[in-house]
1. When residue 45 is evaluated against the numbered criteria (1) touching a helix residue (DSSP H, G or I) at 6+ places or on another chain (Cβ under 6 Å); (2) closer than 15 Å to residue 111 by Cα, which criterion, by number, is the only one it fails?
2. On the given criteria, is residue 77 within 20 Å of residue 60 (Cα to Cα) and either in contact (Cβ under 8 Å) with a residue 12 or more places away in the chain or more than 19 Å from the chain's Cα centre (by Cα) (or both)?
3. Please go through the range 36-53 and pick out each residue that is surrounded by fewer than 22 Cβ atoms within 10 Å (Cβ to Cβ) and assigned to a helix (DSSP H, G or I).
4. Just give me the residues in the range 98-157 being within 12 Å of residue 74 (Cβ to Cβ), out of contact with any helix residue (DSSP H, G or I) (no Cβ under 9 Å at 6 or more places or on another chain) and modelled with pLDDT under 95, in sequence order.
């Protein structure tokens, strides 16, 4: 009987020690279940459209930050919209830098189409630099498609 009581006590202590870990895991799972993901397309060399895309990203980040929920944002530029990310022609480069810093701990990515960049370089006859905050992706259109296939919400300002 004493042996059984000792085993029961050890089992009870082990069970109680798991409760905080389980609660932490449940809280983490609940928070990650509230992860929102938005992809914004920019395909025009128009400062108004570029600023609207950045306004959309900022507003969504602020909205979910106030709700203590996570948001991933990807701004994808291709075609004439690549000027948004070009170091020599971007009318919004300061806003991009500021938003990249402001977004943390939310995640924001600025994705530039390599197909467009290569075409511009060929046409202009020289290499094109993109902003340091920008990630090159093989194809902007493919990036948009693949993120939507993964359930990302699509926005076109």
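1. (2)
2. When the stated conditions are applied, residue 77 passes them.
3. 47, 48, 49, 51, 52
4. 107
The values are calculated or read from the model by the stated rules, or taken from the named source; none is laboratory data. Quantities reported herein were computed from a predicted structural model and do not represent experimental measurements. As a convention, Cβ positions derive from the backbone with ideal geometry for all residues, glycine included, and neighbour counts pool all protein chains shown.
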